[in-house]
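Working notes, beginning with the structure itself.
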């Protein structure tokens, strides 16, 4: 089982620690990294949007379609039984990855977005009423804002927002002040997709639980970069997307504590979420199947299982050390360039470097970098309130993963210098 010990990304790491992570060997596991873009070797720095896939994941998808393709949970024939075994084995892999108490607390969904919507439309509808409040933070992705806005508008409740400071750090005292008897749920990101800030989730959960308030954690940007132990965090719900953690698109996870999931109504109706159906009455299936209506993304779940097995075999502690070194190097290298201002300078950060350039729109920055074979993300990153907080319309975001290197950071710096040559 993956270690529940967490690495503080503000610690100092020795060269010996870093040397145990062989990034060149890791890169060979990702076929796409060998390709060229615009006549140059691809430098892929858009990992916060989606990650690349290792050969083990690609092979798992091919194997499913070539050898095991069948519907699950319904057939007595060999292929159906084999596909069911692989699908449920993936669920247990997710349980191990998150250190969840039981496999039945792992629900397959399409994405972190759907996981959050599931909680909003089931737990939220049942427990949030007129005059109540849902508390989020100022650094949310739209997916952790809009579902709560919809719920609050429907129920006559209020969406409250905990502020952040100029460094992009949550103001914990203000967060605590916003917790009250009216607060029915806290929903917060483990890691900000736009800034890279790592939030003090364990402390936030403790503060909320002291008032008997449940907490949902958006972990989409956390799980690729650090070991996550939902029992140690004691969060009530944890959501993430497969495609950001080196798995396929269209698959995601909702972890929820059994006692809460048991009391939530189904999110969708249809096949496999039922035990029996008549025209007079339907009896719903047990956990987790109560929330998995219809034919699921079978190969997506299997691919996600392969991705998480790959990560656990690699060791997330080593990944965290490597990425911390990379982020520190990139912060120093890019932050020192003339005309560049970093946005989001929290003490505790994951592998996101957002910046703006004097007199150059981020879209122009991204276009020039693409010509150099460098893939970054430009825009508001589905976090418009974050941009508003810093008084900017958009940033250029370079986001790193376990397969990125210092040489690629150097290529990014050279690309930014070329942008200055063109526009300044």
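The values are calculated or read from the model by the stated rules, or taken from the named source; none is laboratory data. If you're wondering where the values come from, they're calculated on a predicted model, not measured in any experiment. Positions of Cβ are generated from backbone atoms using ideal geometry, with glycine treated the same way; all protein chains shown enter the neighbour counts.
Observations
- Out of 391, 379, 344, one residue alone is crowded, with 23+ Cβ neighbours inside 10 Å and on the phi > 0 side of the Ramachandran plot. It is 344.
- Checked against (1) surrounded by 13 or more Cβ atoms within 10 Å (Cβ to Cβ); (2) in a loop (DSSP other than H, G, I, E, B), residue 238 meets all criteria but (2).
- Any hit, the range 398-419, residues being part of a strand (DSSP E or B) and under 19 Å from the mean Cα position of the chain (by Cα): yes
- Matching residues in the range 271-306 - criterion: being loosely packed, with under 12 Cβ neighbours inside 10 Å and either in a loop (DSSP other than H, G, I, E, B) or touching a residue at least 40 places away in the same chain (Cβ under 8 Å) (or both): 278, 279, 280, 281, 286, 294
- Candidate set: the range 162-174, residues that are free of Cβ contacts under 8 Å to residues at least 60 places away in the same chain and in a strand (DSSP E or B); chosen: the one farthest from residue 346 (Cα to Cα): 162
- Among the residues of the range 241-251, those that are touching a strand residue (DSSP E or B) at 6+ places or on another chain (Cβ under 7 Å) and not in a strand (DSSP E or B) comprise 242, 251.
- Apart from one condition, residue 254 fits all of (1) surrounded by 14 or more Cβ atoms within 10 Å (Cβ to Cβ); (2) out of contact with any strand residue (DSSP E or B) (no Cβ under 9 Å at 6 or more places or on another chain); (3) at pLDDT 95 or above; the exception is (2).
- Some residue of the range 289-298 being within 30 Å of residue 172 (Cα to Cα) and more than 19 Å from the chain's Cα centre (by Cα): no
- Test: residue in the range 179-195 that is part of a helix (DSSP H, G or I) and either under 28 Å from residue 263 (Cα atoms) or in the same structural domain as residue 218 (by TED's automatic domain parsing) (or both): no
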